[in-house]
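Scroll down for the structure; my scribbles are underneath it.
The values are calculated or read from the model by the stated rules, or taken from the named source; none is laboratory data. Given the structure is predicted, the values throughout are model-derived calculations rather than measurements. Because the Cβ atoms are built from the backbone with ideal geometry, glycine has one as well, and the counts that use them run over all protein chains shown.
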Amino acid sequence: MDWKLSIGAFSRRFATEEACARKLYEIKWPEGYVCPLCRHREASVTRTRRLPLYECLKCRHQTSLTVGTAMEKSKTPLRKWFLAIYWLTRGVTARQLSKEIRVTYKTAWLIAHKIRHAIRLTTSELPLTGHVRVNEDRHGPTSLYSVYRRNVKYQTLIAAASISEEGKLLRVKLHQVPAEHLFVGVTTRYGMRCFLQQCVASEADLKVAPGIYNSARYRPLNAFCYEASRFMNEIYCGIGPKHLQAYLDEYGYRFNFTSREESIVRDLLRQCVARPVITYPKLTRKAA
Ligand SMILES: [Zn+2]
C-alpha cells in the first residue's frame, strides 16, 4: 500500500478494528503466527473478544496482537491508535490529538507519550556514523512570547549530526544534558564523553565544538537546533525538563525521515508494534 497517504485516505484505509488488527498481524507475524514462548507456529484463535486471542497448540500460552507493543493493555480502539500514530508523524499536541481521535485529554496525552517512548527506544539504538559534527546548544525562549506566555526555560543540549560530503545534515540527535553532567549550565567533559559513547559510533569521523559560545560550532546544526526550539515553543505550551528528551527525539525522528524515501507512518507503526509499552506510573514518576 501507499503510505504517503493523506489523513482522509489513511482513516478510510484503517476505518475498522478488523482492518487495523489485520495490519498489526502482518507486522507482528509477517510469516504467520509464532508462539512468543516456544516458537510453535500453530494456535487456536478465539474471536469473541475485542481483539483475537491466540492460544499456542503446543504450550497453551495465550497472547494477543498487542502484547509486547506500545498498545498493550490499552482500552482505546486500535483505529484511534492508528490515527494517533499518523498524527504524531506530523507533530501534534495532546489537546489537538484528543480532538482528532475523540478521547479525553489524559488519554491523548498518554497515547502520545507511549508513541514517543517507542520513538525514543528506536532512536537510542542507532548511533551516528560517518562524518559527525557535535555542538553544544540549548533549548530555550525563541521569542518574547515564549518567555512570558509559555514559560520556556533554558536547557542545555548536545546537538549532533551525521553530515554528507557537502555538509548537509543527514541524521540528527538532540540530547538533553542531564543535571549531573552540567557545571553552571555547561556540559562537563565527562558529560560530553558519555554522550559520544552512547550516541556516536566509535569509528565515526568526529568534530566536537563544546561550549555554547564556541565559534567552531557547526552552523547548520545551530540553525537546526534553533528551529527545533522555535517549533516546540510554538506548538507546545512550555516543555519541562522531565519530558523534553521525548519531544527532542520526536522532532529528530521526523527530521531524519525528510531525506528518506520510506514512509514515516509505516515506520512508526512498526516501531509501536516492536517496542514495549511504558506505563502511566512510569511516565509520571518523579525523577529519583
Ligand atoms: Zn507455545
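Restricting the search to helices (runs of 4 or more DSSP H) fully inside segment 226-288 and requiring at least 2 residues that are among the hydroxyl-bearing types (Ser, Thr, Tyr) and closer than 22 Å to VAL152 by Cα gives 241-257.
Just checking, how many residues over segment 34-81 are more than 29 Å from PRO281 (Cβ to Cβ), within 14 Å of the ligand (Cβ to nearest atom) and in a loop (DSSP other than H, G, I, E, B)? Residues that pass the stated criteria total 11.
One residue stands out among those in segment 205-225 that are surrounded by 12 or more Cβ atoms within 10 Å (Cβ to Cβ) and within 24 Å of the chain's Cα centre (by Cα): the one that is nearest to GLN155 (Cα to Cα), which is CYS225. When the strands (runs of 3 or more DSSP E) confined to segment 123-191 are screened for residues that are among the acidic types (Asp, Glu), those reaching at least 2 such residues are found at 131-139.
Among the numbered conditions (1) at pLDDT 95 or above; (2) outside any helix (DSSP H, G or I); (3) buried (at least 16 other Cβ atoms within 10 Å of the Cβ), the only one that LYS23 does not meet is (2). Of all the residues in segment 242-283, those that are of a type in the set (D, E, K, R) and touching a strand residue (DSSP E or B) at 6+ places or on another chain (Cβ under 8 Å) number 1.
Taking the numbered list (1) in contact with a strand residue (DSSP E or B) (Cβ under 8 Å, 6 or more places away or on another chain); (2) in contact (Cβ under 8 Å) with a residue 60 or more places away in the chain in turn, LEU88 passes all entries but (1). ILE101 meets each of the listed conditions (1) in contact with a helix residue (DSSP H, G or I) (Cβ under 6 Å, 6 or more places away or on another chain); (2) free of Cβ contacts under 8 Å to residues at least 60 places away in the same chain; (3) under 22 Å from ARG285 (Cβ atoms) apart from (3).
Restricting the first member to segment 34-54 and to residues that are in contact (Cβ under 8 Å) with a residue 12 or more places away in the chain and farther than 22 Å from GLU17 by Cβ, and the second to residues that are within 12 Å of the ligand (Cβ to nearest atom) and of a type in the set (A, V, I, L, M), the beta-carbon pairs closer than 6 Å and six or more apart or on different chains are GLU42/LEU57. The lone criterion from (1) assigned to a helix (DSSP H, G or I); (2) out of contact with any strand residue (DSSP E or B) (no Cβ under 7 Å at 6 or more places or on another chain) left unmet by SER202 is number (1). Confirm whether ALA112 is under 15 Å from the mean Cα position of the chain (by Cα) and more than 16 Å from the ligand (Cβ to nearest atom). In short, yes.
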